[in-house]
Structure formats: C-alpha cells, structure tokens
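The values are calculated or read from the model by the stated rules, or taken from the named source; none is laboratory data. Because the structure is predicted, anything quoted here is derived from the model rather than measured. Here the Cβ positions follow ideal geometry from the backbone for every residue, glycine too, while neighbour counts run over all protein chains shown. When the accessible area is computed, the model is the full protein with side chains, heavy atoms only, and any ligands, DNA or RNA have been set aside. Shrake-Rupley method; radii C 1.70, N 1.55, O 1.52, S 1.80 Å.
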Amino acid sequence: MELRSGYSLGLRDASQRPALTEAHLAQLSKGVRLVFARWTALQLAIANQWGGPDSDEKARTLVDKVVTWLQETKEVYADELEDLLDVELLDEWNTQTEDGSVGQVAQCVAKIFYETLRGAGDQVEALERTQSEETRRLGENLDRAHQERLRAEREAELQQREAERERRRAEEAPRVDDDGWETVPSHRR
C-alpha cells in the first residue's frame, strides 16, 4: 500500500518490493550524497575533522553504509534510519545533534528511497536544483576553512624543516674537545 506522502507500507516480503537496479542504486546514492551535503551538522564535523584526519573518507563510507542499509532492509522506516545516523555520528565524529536534523535527514532519505522504488526522481531533482547557491556558499566556507587548515599545516611543516636544518648545522660545526683538538665532521652522507 502506498500513502499520499510517497511511503509504501507492507513491503515485508522481498517479492513485494521491486528489485533495485544499478540505475536505482546510482540515483539513491546521488540523493543521499545531496542530502548529506546540505546537512550542516555533518558538514561541520567533516570540515573541522571531528572524526580525525580521515573525516572525508568517513563521510563517503557513511553514504555507502546508508545505501547498503536501504538496499538490505526489508522495510525502510525513517526512525530506524535516524537511529543508524545518530549512532554513526556519535561513533565516527563524536557528535550528537540536538536540533532534530538527524530525523529530518532520515525522513528525506527515506522519501528518496521510496521515490526511487517507484521510478520517480522528484526529490533528487529538487535537491539538485536548490543545491545551487546555498550549498555553494557552504562549500566555499568549507573550502576556505580547509585552505586555512592546509596553510597552517604547511607553516608547521616549514618550521619543522627549519628546526631540522638548524640541528644539522649544529652537528656539522667543528667541535673542540677538552685538550684543544678540533674535530671536523665528515661531509659525506
């Protein structure tokens, strides 16, 4: 049975639910990525590397996990997806949202899933159209933060190299022992 909201009920048996083709999986993956790109809590966690230096990879893995979960689950409920996302945010990024965004994201992804099953792509198309200015602005801010972080890392690396050069110069300088003999280090490396 299909509700007006687009959700389908009673698809407990695999024979009742249409098989997901490669095109369905591609659309589903694209939709999940678009939703996650607009999810401020996740984007902040990625930009600030709350999940460590591989936060970007963790985000890609999260998309794959969600798509796999949608593919393997007999019946998709937004609250179960919300629980999955909540656990992933807490485990991978040490982040707990209290703004209700996890539920909104789960509902949007579930709607995309059911539209994909019906062969429609209205929600994904709408996300692509509205992605434009808002997401670009967020992306620019994230890019700016990323550039600042890279600049700070380069400066730290340059300082480390300079300290290493100073240490080598100190080792290469002639040394005078207690008897007045000067030891000159070899210049061979």
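Could you tell me which residue of the stretch 79-96 is most open to solvent (accessible area, probe 1.4 Å), considering only residues that are in a helix (DSSP H, G or I) and touching a Phe, Trp or Tyr at 6+ places or on another chain (Cβ under 8 Å)?
Going through the stretch 79-96, the residues in a helix (DSSP H, G or I) turn out to be 79-93.
Filter once more, so that each one left must be touching a Phe, Trp or Tyr at 6+ places or on another chain (Cβ under 8 Å): 81, 84, 93.
Working: 81: 0, 84: 44, 93: 2 Å².
My answer is 84.
Please tell me if residue 170 is open to solvent by less than 100 Å² (accessible area, probe 1.4 Å), modelled with pLDDT of 75 or more and in a helix (DSSP H, G or I).
Numbers: open to solvent by less than 100 Å² (accessible area, probe 1.4 Å): yes; modelled with pLDDT of 75 or more: yes; in a helix (DSSP H, G or I): yes.
So residue 170 passes the test.
Considering only the stretch 33-71, state which residues are touching a Leu at 6+ places or on another chain (Cβ under 8 Å) and among the β-branched types (Val, Ile, Thr).
Of everything in the stretch 33-71, those that are touching a Leu at 6+ places or on another chain (Cβ under 8 Å) and among the β-branched types (Val, Ile, Thr) turn out to be 35, 40, 46, 66, 67.
Regarding the stretch 18-41, can at least one residue be identified that is modelled with pLDDT of 90 or more and outside any helix (DSSP H, G or I)?
yes
With open to solvent by less than 20 Å² (accessible area, probe 1.4 Å), closer than 14 Å to residue 31 by Cβ and not in a helix (DSSP H, G or I) as the only criterion, which of 63, 76, 67, 109 stands out?
Values: 63 fails: not in a helix (DSSP H, G or I); 67 fails: not in a helix (DSSP H, G or I); 109 fails: not in a helix (DSSP H, G or I).
Exactly one residue qualifies, and that residue is 76.
Can you find a residue that is aliphatic (A, V, I, L, M) and open to solvent by 30 Å² or more (accessible area, probe 1.4 Å) anywhere in the stretch 112-130? If you could, list the steps in order and put the result at the bottom.
The initial filter retains those residues of the stretch 112-130 that are aliphatic (A, V, I, L, M), namely 112, 117, 120, 124, 126-127.
Keeping just the survivors that are open to solvent by 30 Å² or more (accessible area, probe 1.4 Å) gives 126.
Yes; the residues of the stretch 112-130 include at least one that is aliphatic (A, V, I, L, M) and open to solvent by 30 Å² or more (accessible area, probe 1.4 Å).
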